[in-house]
Amino acid sequence: MNVFRSIQDFKNWRSKLPPPVSVGFVPTMGALHPGHASLIRRSLLENDITILSIFVNPTQFGPNEDFNQYPRTLEEDLELARSLRVDAVLLPTVADVYPTHYSTMICESVVSKPLCGIFRPGHFDGVTTIVLKLFLGVRPNHAYFGMKDAQQFYVIQKMVKDLDLELSVVGVDTVREESGLALSSRNRYLSSDARTRVAPMIYTWLCRLREEILSKGAAPSIQLAARDLKEAGFQIQYLEIRSLPRLESFDASIWQKDQDLLIAFAGLLEKTRLIDNVIVQAIH
Ligand code: PAF
């Protein structure tokens with residue numbers, strides 16, 4: 001497995017790959033878990049070459065967020081990548097990505113605004129900036145993102161479309177613990193009771209709301225869900241239904257069941273921020 005700590009060394013290697021080779025790319029911030037492994041496996045299946053990046057990107061963390069505390073487990077991550085047979089790992093440094101006097105940001109201005117855009121101002125500008133920089137260096141044919149971060153997926157898909165980038169953005173299903181809790185690098189911060197008993201309530205409610213929408217055309221229990229999750233210990237940031245792919249507000253009175261919907265949740269449990277979502281597939 002090739003491991004590159006400099007973008008220039010990586011680009012030199014990349015430029016020698018013959019053009020017909022299909023390149024799959026899995027950008028991550030490390031602390032890899034089975035959710036990341038499923039992105040890597042999908043890329044390995046669909047491409048000749050799979051490239052993984054590990055970079056905890058400072059520009060997507062707000063001043064009071066957990067950039068310094070974000071888990072860093074490089075040796076285990078490289079071990080996993082090696083065991084899965086990833087071809088190359090890019091480990092750029094902050095100085096390499098954002099040299100002194102760096103001053104250009106990429107900003108998607110519709111899909112990035114609601115939901116996490118409200119609670120993490122500037123977050124998606126950091127995400128689109130790093131992802132575009134990585135796309136320009138890696139030049140992938142396919143890039144793989146987990147659907148747990150559904151808003152991130154739709155923001156990146158929109159950026160790729162708006163900027164005419166020639167690659168496909170592939171969303172991979174969320175991997176869950178048996179309890180239904182979506183895998184996340186941050187789950188390790190939860191107490192055992194929170195992780196096994198309380199956090200799984202998110203997915204239980206999301207599924208129940210999806211059932212309601214499919215059977216009644218609306219989700220009358222959304223307030224009940226919010227109250228129940230609050231009583232269980234969550235500090236809720238949002239529990240909302242949005243239309244896809246632009247994440248516009250959902251109006252049950254005009255919904256024709258021909259448009260996919262996202263039911264999305266974000267909240268703090270024991271100071272750990274958890275997000276999750278389910279998609280309501282339209283009937284075409
Ligand atoms: O989803 C993530 O891990 C990050 O937001 C990403 C896409 C690697 C950009 O830093």
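The values are calculated or read from the model by the stated rules, or taken from the named source; none is laboratory data. Since the model is a prediction, treat every value here as computed from it, not as a measurement. Cβ: placed from backbone, ideal geometry, glycine included. Neighbour counts: every protein chain shown. Heads up: the accessible areas ignore ligands, DNA and RNA and are worked out on the full protein's heavy atoms, side chains in. Shrake-Rupley method; radii C 1.70, N 1.55, O 1.52, S 1.80 Å.
Do we have residue 127 as in a helix (DSSP H, G or I), open to solvent by less than 50 Å² (accessible area, probe 1.4 Å), within 15 Å of the ligand (Cβ to nearest atom) and of a type outside the set (D, E, K, R) here?
Considered against the rule, which asks whether it is in a helix (DSSP H, G or I), open to solvent by less than 50 Å² (accessible area, probe 1.4 Å), within 15 Å of the ligand (Cβ to nearest atom) and of a type outside the set (D, E, K, R), residue 127 comes out as yes.
Do the conditions hold for residue 38, that is, is it among the small types (Gly, Ala, Ser), within 15 Å of the ligand (Cβ to nearest atom) and open to solvent by 20 Å² or more (accessible area, probe 1.4 Å)?
When the stated conditions are applied, residue 38 passes them.
Between a residue in the stretch 11-27 that is within 16 Å of the ligand (Cβ to nearest atom) and any residue that is β-branched (Val, Ile, Thr) and open to solvent by less than 50 Å² (accessible area, probe 1.4 Å), which pairs come within a Cβ distance under 6 Å, given they are 6 or more apart or on different chains?
Listed pairs, sorted by first residue: 24/50; 25/51; 25/138; 26/40.
Among what's in the stretch 196-221 and is open to solvent by 80 Å² or more (accessible area, probe 1.4 Å) and in contact (Cβ under 8 Å) with a residue 12 or more places away in the chain, pick the residue that is farthest from residue 241 (Cα to Cα).
Here the residue is 196.
For the stretch 45-55, state whether one or more residues are over 18 Å from residue 90 (Cα atoms) and surrounded by 15 or more Cβ atoms within 10 Å (Cβ to Cβ).
yes
Only one of these conditions is not met by residue 169: (1) outside any helix (DSSP H, G or I); (2) open to solvent by 50 Å² or more (accessible area, probe 1.4 Å); (3) within 16 Å of the ligand (Cβ to nearest atom). Which number is it?
Of (1) outside any helix (DSSP H, G or I); (2) open to solvent by 50 Å² or more (accessible area, probe 1.4 Å); (3) within 16 Å of the ligand (Cβ to nearest atom), only one is false for residue 169: (2).
Filter the stretch 134-150 for residues that are in a helix (DSSP H, G or I) and either of a type in the set (Gly, Ala, Ser) or within 10 Å of the ligand (Cβ to nearest atom) (or both) and give the result.
134, 137, 148, 149, 150, listed by residue number.
Being more than 10 Å from the ligand (Cβ to nearest atom) and part of a loop (DSSP other than H, G, I, E, B) is the filter; apply it to the stretch 43-57 and report the residue that is nearest to residue 185 (Cα to Cα).
47
For the stretch 104-117, state whether one or more residues are more than 14 Å from the ligand (Cβ to nearest atom), surrounded by fewer than 18 Cβ atoms within 10 Å (Cβ to Cβ), of a type in the set (S, T, N, Q) and within 23 Å of residue 26 (Cβ to Cβ).
No.
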